[in-house]
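Take a look at the structure below.
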Amino acid sequence: MNTSILWRAACLLLATTPMMSQAQDQPSATSAAVPTAKLFSGPSDYKTWSIGVNGGVLAPVAATGGSNDFTKWKGSAGYGAYVKYQILHFFALRADYVGGKLQADNSKELGNGSLPVRPYKSYETKLNWSGTLNAVFNITTVNWLFRENFVQLYASVGGGLAGYKPTVTRNDNTSFPYKAEDKAIKELIIPVGAGLKFKLSEAVNLDLGYTMYYTDGDNLDGYNYGPNKDKYSYGYAGLEFALGKKGKKQLQWSNPAKVMYDELEAQKTTLAASLDAANQNNARLTADVDKLTKDSDGDGVSDFFDKCPGTPANTKVDGSGCPLPVPEVVKQEEKVVITEEDNRLVREAIQNLEFEFAKASIKPSSYPALDRVAALLKRKNLNLKLAGHTDNVGSKSRNLALSKERAESVKAYFVEKGVNASKIEAVGYGMTQPIASNKTAAGRQKNRRVEFTIF
């Protein structure tokens, strides 16, 4: 292994990323696989915390900074772990720990073909620990083709401390600790890295990365040779485990641009469907009103209830729209006394009178009380005034028409029961004569009524 090999590997990593980012999961906006997180709902709908473990190769060399003070570096086993918090879909903070050892010797020939003349043969540094805090940037999460990626390129940079102990071997094969007191050296380190991450599931990711560590000193190999400070690198593979409630997706894989587009399209479709349904309902309601109120022959009975259409003008008709018989003998009307019992029957009919919602159709539960009033009207030949009223919900014109229709509906019912249509007057007042406040449901219920007045 040498520096050129690592450099070519890093270049290959960067070059393959654009091709790999195209191999992405692409559920449609209407499929069941669409994420549950909504537009602008924030990170609370996603998994943001994760932990990772990894293993790989530690080497006293950096792809962009060359080797240290020995001519031939060696790769050694390394291990690491981290805790990460995803703040935004493209940005996270990660606390890393790395341990292992570093090795190199002077067995590699110089450019002139000779071995270097130096006082030390080799060294081995035990990297007890290194702790760093890194800013991690996801580079390939935003595009307009896919709601979620499953491959992403990331870069990281940060700072921290490393604790290590170098042991140097002389040319006579005797070894000694670099620091006589055998205390660990602690130095500032600057990590700079990049990597590829693969989404295996909503809970597990495969993490492949390479990080270069630049130290603030020349103690890493136990030999101060040349003006440059020491450095080392760690290439690794590991698993990342997302923490959070089952069913939530990972924020780092979310593509906010595509999510926003799909959510807006879904809202647009829903709004268009709602408007279309409202237009259809309005058309049906208008047709129903026209059907109930149209009176082609002008006899006061709508075509819907008129059983004798085409009645000549000024002809008196009954509740069914049929001409009334002409009386042969005019009888003097007897004086009628309206008793308290009669008034009670009328009040009971008013209290029990109910209509279908927003219609003039009388509910069957109202028939018994109406039948008793019809019998009273026929028995005593009473006159009846029907006054329809509504609450203030809806337009004035619609409420006026509805109150008139309901009064007419009650009149038609009495006529069908044998009451003389000429003895019944049906009028509508709409919402102009409330008896209670329209600001409450109870008040509006009282205002939706048909008042009976017998005389």
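The values are calculated or read from the model by the stated rules, or taken from the named source; none is laboratory data. Note that this is a predicted model, so its numbers are computed, not measured. Here the Cβ positions follow ideal geometry from the backbone for every residue, glycine too, while neighbour counts run over all protein chains shown.
With respect to Thr270, determine if the residue is among the β-branched types (Val, Ile, Thr) and over 19 Å from the mean Cα position of the chain (by Cα).
no
Quickly run through the range 197-256 and pick out the residues that are touching a Gly at 6+ places or on another chain (Cβ under 9 Å) and either on the phi > 0 side of the Ramachandran plot or of a type in the set (D, E, K, R) (or both).
Across the range 197-256, the qualifying residues are Lys197, Glu202, Asp207, Asp218, Lys229, Asp230, Lys231, Glu240.
Inside the range 177-213, can you point out the residues that are farther than 16 Å from Asn138 by Cβ and basic (Lys, Arg)?
Listed by number, the residues that qualify are Lys179, Lys183, Lys186.
From Tyr232, Tyr225, Tyr236, Tyr261, grab the single residue that is in the same structural domain as His89 (by TED's automatic domain parsing), at pLDDT below 80 and surrounded by 11 or more Cβ atoms within 10 Å (Cβ to Cβ).
That would be Tyr225, the only listed residue that is in the same structural domain as His89 (by TED's automatic domain parsing), at pLDDT below 80 and surrounded by 11 or more Cβ atoms within 10 Å (Cβ to Cβ).
So is Lys108 more than 51 Å from the chain's Cα centre (by Cα), more than 18 Å from Ala155 (Cα to Cα) and surrounded by fewer than 19 Cβ atoms within 10 Å (Cβ to Cβ) or not?
Criteria met by Lys108.
Listed residues Lys316, Lys294, Lys249; which is out of contact with any Leu (no Cβ under 6 Å at 6 or more places or on another chain), at pLDDT below 85 and surrounded by 10 or more Cβ atoms within 10 Å (Cβ to Cβ)?
Every option except Lys294 fails the conditions.
Whether any residue in the range 300-313 is surrounded by 15 or more Cβ atoms within 10 Å (Cβ to Cβ), within 30 Å of Lys446 (Cβ to Cβ) and aliphatic (A, V, I, L, M) is what I want to check.
Within the range 300-313, one or more residues are surrounded by 15 or more Cβ atoms within 10 Å (Cβ to Cβ), within 30 Å of Lys446 (Cβ to Cβ) and aliphatic (A, V, I, L, M).
Only one of these is free of Cβ contacts under 8 Å to residues at least 40 places away in the same chain and either of a type outside the set (Asp, Glu) or assigned to a loop (DSSP other than H, G, I, E, B) (or both): Leu345, Leu370, Leu382, Leu377. Name it.
Leu345
Rundown of residues vs (1) touching a residue at least 40 places away in the same chain (Cβ under 8 Å); (2) surrounded by 14 or more Cβ atoms within 10 Å (Cβ to Cβ); (3) more than 41 Å from the chain's Cα centre (by Cα), yes/no style:
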{"site": "Gln152", "(1), (2), (3)": "yes, yes, no"}
{"site": "Val168", "(1), (2), (3)": "yes, yes, yes"}
{"site": "Ile190", "(1), (2), (3)": "no, yes, no"}
{"site": "Leu196", "(1), (2), (3)": "yes, yes, no"}
{"site": "Asp207", "(1), (2), (3)": "yes, yes, no"}
{"site": "Tyr214", "(1), (2), (3)": "yes, yes, yes"}
